[in-house]
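Student: Quick one: this structure, given as structure tokens, is what I'll be asking you about.
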Amino acid sequence: MSVSHDLAANVNRAALALPGVQQHPKELMPRRMTFAERLYLPLLSGLMVTIKHFFLNIFRIRPRVTIQYPEERRSYSHRYRGHHILTTRPDGSVRCVACFLCATNCPAECIHIEAAEHPDVNIEKYPVVYEIDMLRCVFCGYCVDACPEEAIIMSNNYDMAFFSRSQSIVGKADLMKPFTFDPAKLGYRPYYPEEDAQHAAMRRQAVDLVAAAKAKAAGDRAVAGG
Amino acid sequence: MLLEEPALLARFPAGSVVPQEGPDAPADQPTWVVRREVLLDLCRALRDDPQGRYDLLLDVCGADYPDRDERFEAVYHLYSVPTANRLRLKVPLTESDPKLPSVISVWKGADWFEREAYDMYGFVFEGHPNLRRLLTHEGFQGHPLRKDYDPARRWILTEDKIYRPVLRAPADRPESMFERMTINIGPSHPAMHGTFRFVAMVDGEEIVASEVEIGYLHRCMEKMSETHTWQQVIPYTDRLNYCSSFLNNVAYCRTVEKLLGIEAPPRAVWARTILSEFSRIMDHCVANGSTLVDTGALTNFWYFFQPREEIYGLLEAVCGARLTVSACRIGGLLADLPPDFVQRCERLLEFIPPLIDDVEKLVDKNRIWMDRSVGIAAISGEEAVNWSWTGPCLRASGVAYDVRRAHPYDLYDTVDWEVPVLHGGDVYDRFRLRMLEIRQSLRIIRQLIERGVPAGPFVVDDPHVALPPKDACYNQMESMIYHFKLIMDGIRVPAGETYLMTEGANGELGFYVVSDGSGKPYRLHVRAPCLPIFSTFPTLMRGHSVSDAIATLGGLNVIAGELER
Amino acid sequence: MELQGESWLTTRLDKFADWSRSNSFWPLPFGTACCAIEFMGTVSSHYDMSRFGYEVVRFSPRQSDLMIVAGTITDKMAPVLKRIYDQMPDPKWVVSMGACACSGGFYRAYHVMQGIDEIIPVDVYVPGCPPSPEGLMYGILQIKEKIARDRKALRERAKKAKGKGRDAA
């Protein structure tokens, strides 16, 4: 038959010659112990390993791996997906425009938003209520991916514990408060410090493009009007 | 092609086996629609016929299409190890009479697959010796993967309904002077890794009959993925085999990418291959570490956990989470690689080998460990294939089937590595094989790192699949619209079905995906490699002692999240 | 003999008992899923819970006083969890680790318990999927705080009850 299927096309014929593929072995060949092994002799080399590790650790020849939490903390990267942050505008109001994209994209459906008209006419809406159920949240970062305003990002804060289910529903005030202005505490978000230069260039380019398009549109309109 | 052999089909009445052809037929592998009356004969012919040699039953699952006359479909995926051919059989069934013959007499591995299909869809496999629910509990009513079952409808299990197995010793076994005793281990037992229940009848020290009860971690992943968009399924795949979640991400994303007809850009493929191999190392570390810790060798566990912690550090730097990474997106990765990615990998390549060497020195020639492991729970290659084994456990029994080699994907055909094979088939060789594979994985990573990071984007530049870059989204109307559409509606995957496999940490990890063209998967089935492996456990344990059962379980590397999904 | 009121001795003894309890939990890891892997990370050398005196991980409920429920609890597992919790001697505490144990997480599904507090009382919920080992340790350290606070509450309640009794008499 001429129909070719893509899995059949992707077969490495050489692999069919590997041992056991054509004829599956019926016999078992378990490992045989050597004479030295019967006498437990190789245990000595094992003992040497543990002794080596013991001395390396006890005399601190190599740094200890244990992290002395809570005094000392592991340095997580700038992508750590921890407690969420609602970012703010320069005037301190919430940046979120209540577009519900984060709530839609959340696989755990843990974001609850109630929207209202914003007093400022330039901004359409804002969230009256913005709650995240921290106990439902799986910290996948999908809300950050979805946000078109960079209004929700994540911090690298993992010190969270709640005494009750109701306490775990974190509202707008708590989400806006923590670590917003400490760049060292930021986690998963669209931009990272190491990429800043690259992104700034991209952003500039994009802004230029928009400006050019606007200018062009304005020109077209002027022509049409004239 | 060899599969549509007329000689084989001519043996069956006309119309009872119909190869699907035409534009609507699945493009991934030959698909035959089979009437249930001839299923058993066909399966036997496919296995025994020198032209077929379908010796490995990969998977049995169901699918539900309520608007068809014959509403259900039992889907069989077959694989022929000697010829590398694949075949899909579909058996249509009606709602009023969902009966079909069990193929357990052809492939023993069908045992749990059929029980799962019975549990999820209510298919009645005639001739199955123990057709009980597999994943859900005894108080459960209905069949949850049917389309008319409410995903959130729960049933409470009360104490009186808990299943109590009645074990019977084999008839040919002579009476002994000891009283036979039935003991229960698990589900909450450290040696059963938290979620398996093992009930064994012991005669003195020897297990004469046993049964395994699973389903304590059945999290309904397949049903949940039907209620979420294609992208949203990725976090669910993380939690399948949580020891190596990245491998699951890759397997799922590749399947969807195939259905979409796109390919991830070279940079993403490169990173996927490296991180997959690191994940494999991590998974093998857990499997071997827990085998050893179950047999009492705690030191190795600490040694194994150090590479793990370091690899966690790398994954966290890439995607922001240690364990459940969600690092892939359909069409690429979630973000670009961190600038110090290569340095981190190089450091790991230096750091891991000495620790692996230490573990080998401790146990490899250690008679105490050998006495616990050599010849324990041994299974021959032929038996293992019949039980649908794949992965390291199969390779430890002497069959060198590795998806990475037999069906190369990503960059595996461009690097130089070997498929290790051992011939003991016992706990010791499974352990050894994983150690050898860790070295091969390091070898693969080393070559890829030397090659350098490919330039280019980390995700496909297709606004119908991947979210546009944030800059564009903030500043350009078009990108903004794509962004909204992608999130509100999800990716539109063209209607069709496909099966795609990758080499997971413990075998062939396949995703069988059906799309109806909407934003959500219509049906998503995971071919979990450890399900058939674990179904062999009672057979493997016959004649061994309870302490052997504990030593065996870690080496089989049964991960509950993947086993029960 | 009945002790009259709150003597200096009994309050000191209470304090001592609380102090010793909160610095030597014997945890019972009820680990089922992904969180159990992170729990293993917490007890292994990088984080090493034994620095707080919590290293005596007991798998027998009868020998432990802190249950760490790590992982999804399904309806099939629920009776087991309940039974094991009942077997633990008082006083006992429960840490619910991770989204699944706390609330079911993103498994709003037919076989998953929507939070273990449906069947057993929970003292501290630790969010995360799974929480990082530090997150878990933070949660366990919160129990310490809770023990001190509970004692205070207990004492006040006892006082109130006693006052009521006197009024009635």
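The values are calculated or read from the model by the stated rules, or taken from the named source; none is laboratory data. All figures in this text were calculated on a predicted structure; none of them were measured in a lab. Glycine also receives a Cβ, built like all others from the backbone with ideal geometry; neighbour counts cover every protein chain displayed. Note: areas computed on protein heavy atoms with side chains; ligands, DNA, RNA excluded. Shrake-Rupley method; radii C 1.70, N 1.55, O 1.52, S 1.80 Å.
Student: Kindly point out which whole DSSP H helices in chain C project their C-alpha atoms 18 angstrom or further along the helix axis while averaging a Kyte-Doolittle hydropathy of -1.0 or above.
Tutor: Flagged H segments are C:8-22.
Student: Amide H neighbours of residue B:58 under 5 Å, counting only residues 5+ apart in sequence or on other chains, H built in-plane at 1.01 Å?
Tutor: Result for residue B:58 returns B:77, B:78, B:79.
Student: Continuing with this model, one more query. About the Cα centre of segment B:221-564, what is the dipole size in debye to 20, counting +1 per Lys and Arg Cβ and -1 per Asp and Glu Cβ, all else neutral?
Tutor: That gives a dipole near 220 debye.
Student: While we're here: For residue C:68, what residues show an amide H to amide H distance below 5 Å, using hydrogens built from the backbone and excluding near sequence neighbours?
Tutor: Amide H neighbours of residue C:68, under 5 Å, 5+ apart: C:28, C:30, C:95.
Student: Treat every Asp and Glu Cβ in the protein assembly as shown as -1 and every Lys and Arg Cβ as +1, leave all other atoms uncharged, and give the resulting dipole magnitude about the Cα centre to the nearest 20 debye.
Tutor: 2200 debye
Student: Any idea of the total accessible area buried by the C-B contact, 1.4 Å probe, rounded to 100 Å²?
Tutor: Approximately 3700 Å², summed over both chains.
Student: Next up: For chain C, what does -39500 (n - 2.57) per DSSP helix run (n ≥ 4), summed and divided by total residues, give at 222 nm, in deg cm²/dmol to the nearest 500?
Tutor: For chain C, the value works out to -15000 deg cm²/dmol.
Student: Moving to a separate point now. Any of B:108/B:520; B:90/B:258; B:223/B:470; B:90/B:485 with alpha carbons more than 30 Å apart? Name them for me.
Tutor: Where the Cα-Cα span goes over 30 Å, the pairs concerned are B:108/B:520; B:223/B:470; B:90/B:485.
Student: Using a probe of 1.4 angstrom, how much of the accessible area of chain C is carbon and sulfur, in percent?
Tutor: 56 percent
Student: Just need the Rg to Rh number for segment B:466-565, please, alpha carbons only, Kirkwood Rh.
Tutor: Over the Cα atoms of segment B:466-565, Rg/Rh equals 1.26.
Student: Give me a single rounded figure for A:79-91: the average over its residues of other chain Cβ atoms within 10 Å of their Cβ.
Tutor: Mean shielding by partner chains, rounded to a whole number: 3.
Student: Of A:158, A:132, A:187, which is farthest along the charge dipole of segment A:84-194 in the positive direction, counting Lys and Arg as +1 and Asp and Glu as -1 at C-beta?
Tutor: A:158
Student: Segment A:84-194: percent of C-alpha pairs farther apart than 20 Å?
Tutor: Tail of P(r) above 20 Å: 37 percent of Cα pairs.
Student: State whether segment B:133-287 is rounded, prolate or oblate according to the following rule on the C-alpha gyration tensor (a ≥ b ≥ c being the square roots of its eigenvalues): a/c under 1.5 gives rounded; otherwise a/b larger than b/c gives prolate, and the remaining case gives oblate.
Tutor: Oblate is the answer for segment B:133-287, as a/c is 1.5 or above yet b/c matches or exceeds a/b.
Student: Moving to a separate point now. If A:43, A:16, C:154 are ordered by their accessible area, calculated over protein heavy atoms with a 1.4 Å probe, which sequence runs from highest to lowest?
Tutor: Ranked from most to least accessible, the order is C:154, A:43, A:16.
Student: Residue C:10: accessible area at probe 1.4 Å, nearest 10 Å²?
Tutor: Its heavy atoms expose roughly 40 Å² to the probe.
Student: Can you compute 3J(HN,Hα) from phi for each residue in segment B:373-379, using the Karplus curve 6.51 cos²θ - 1.76 cosθ + 1.60 with θ = phi - 60°, rounded to whole Hz and x for Gly and Pro?
Tutor: 3J(HN,Hα) across segment B:373-379, in whole Hz: 10, 6, x, 8, 6, 7, 9.
Student: Let me confirm one metric for peptide B:383-396, namely the mean number of other chain beta-carbon atoms within 10 Å of its residues' beta-carbons.
Tutor: Partner-chain Cβ atoms within 10 Å, mean over residues of B:383-396: 1.
Student: For segment B:316-451, with all protein chains present and a 1.4 Å probe, just round the carbon and sulfur fraction of the accessible area to a whole percent.
Tutor: Roughly 47 percent of what the probe reaches on segment B:316-451 is carbon or sulfur.
Student: Put +1 on the Cβ of each Lys and Arg and -1 on the Cβ of each Asp and Glu in chain B; which of B:400, B:134, B:34 then has its Cα farthest toward the positive end of the dipole?
Tutor: It is B:134.
Student: Tell me whether the protein assembly as shown comes out rounded, prolate or oblate; compute the Cα gyration tensor, take square roots of the eigenvalues as a ≥ b ≥ c, and use a/c under 1.5 as the rounded threshold.
Tutor: Because its axes are fairly even, with a/c under 1.5, the protein assembly as shown counts as rounded.
Student: Hey, any idea what the orientation-averaged projected area of the convex hull of chain B's Cα atoms comes to, in nm²?
Tutor: Over all viewing directions, chain B projects a mean Cα-hull area of 27.1 nm².
Student: State, in square angstrom and to the nearest 100, the accessible area buried between chains C and A, both chains counted, probe radius 1.4 Å.
Tutor: About 2700 Å² of accessible surface is lost on pairing.
Student: Continuing with the same structure: Peptides B:280-290, B:499-509: what's the order by average Cβ count within 10 Å, highest mean first?
Tutor: Averaged packing, sorted descending, gives the order B:499-509, B:280-290.
Student: Going down the list B:161/C:82; B:99/C:76; C:82/C:152; C:92/C:152, which pairs span over 21 Å between their C-alpha atoms?
Tutor: B:99/C:76; C:82/C:152
Student: On alpha-carbon atoms, Rg over Rh for segment B:68-136 using Kirkwood Rh?
Tutor: Expressed as Rg/Rh, it is 0.99.
Student: Calculate the mean, over all residues of peptide C:96-103, of how many other protein chain Cβ atoms lie within 10 angstrom of the residue's Cβ.
Tutor: 5
Student: I'm checking a number: the convex hull volume of the Cα atoms of segment B:282-357, normalised per residue, in Å³. What is it?
Tutor: Convex hull volume per residue, Cα atoms: 93 Å³.
Student: Rank-order C:81-91, B:188-198, B:379-389 by packing density, defined as the average count of other C-beta atoms within 10 Å over each peptide's residues, highest first.
Tutor: The peptides rank, most packed first, as B:379-389, B:188-198, C:81-91.
Student: Answer with one residue from B:354, B:242, B:444: the one whose Cα lies farthest towards the positive end of the charge dipole of the protein assembly as shown, charges on Cβ with Lys, Arg +1 and Asp, Glu -1.
Tutor: The residue sitting farthest along the positive end of the dipole is B:354.
Student: In what sequence, largest accessible area first, do B:182, B:255 appear using a 1.4 Å probe?
Tutor: Ranked list, largest accessible area first: B:182, B:255.
Student: Percent of Cα-Cα pairs per 5 Å bin, from 0 to the last occupied bin, for segment B:244-289, please list those.
Tutor: Using 5 Å bins, I get a P(r) of 5, 22, 25, 22, 13, 8, 5, 1 for segment B:244-289.
Student: For A:54, A:59, A:100, write out the residues from largest to smallest accessible area, computed with a 1.4 angstrom probe and no ligands counted.
Tutor: So the residues, ranked largest to smallest area, are A:59, A:54, A:100.
Student: With contacts defined as alpha carbon pairs under 8 Å and 6 or more residues apart, what's the relative contact order of segment B:227-373 in percent?
Tutor: 28 percent
Student: OK, next. Using only helices, what value at 222 nm comes out for chain B when you add -39,500 (n - 2.57) per DSSP H run of length 4 or more and divide by the total residues, to the nearest 500 deg cm²/dmol?
Tutor: Calculated from helices alone, the mean residue ellipticity at 222 nm is -12000 deg cm²/dmol.
Student: Quote the Stokes-Einstein diffusion coefficient, in whole µm² s⁻¹, for segment B:6-126, based on the Kirkwood radius over alpha carbon pairs, a temperature of 10 °C and a viscosity of 1.306 mPa s.
Tutor: For the chosen part, D equals 109 µm²/s.
Student: Something else: Rounded if a/c is under 1.5, else prolate if a/b beats b/c, else oblate: with a ≥ b ≥ c from the C-alpha gyration tensor eigenvalues square-rooted, which is segment C:25-143?
Tutor: Judged from the Cα gyration tensor, segment C:25-143 comes out oblate (a/c at least 1.5, b/c at or above a/b).
Student: Going by average Cβ neighbours within 10 Å, how do the peptides B:87-94, B:173-180, B:246-253 rank, with the highest at the top?
Tutor: Ranked by mean Cβ neighbours within 10 Å, highest first: B:246-253, B:87-94, B:173-180.
Student: Starting from the amide H of residue B:402, placed 1.01 Å from N in the peptide plane, find each other amide H under 5 Å away whose residue is 5 or more places distant or on another chain.
Tutor: none
Student: At what distance in angstrom do the alpha carbon centres of segment B:350-377 and segment B:204-232 lie from each other?
Tutor: 31 Å
Student: Can you return the lysines within cross-link range of residue B:361? Criterion is Cα-Cα under 18 Å, with same-chain partners fewer than 8 residues away left out.
Tutor: Answer for residue B:361, where 18 Å is the Cα cut-off: A:52, listed by chain and number.
Student: Same structure again: Probe of 1.4 angstrom, ligands and nucleic acids ignored: what's the accessible area per residue over the protein assembly as shown, in square angstrom?
Tutor: 38 Å²
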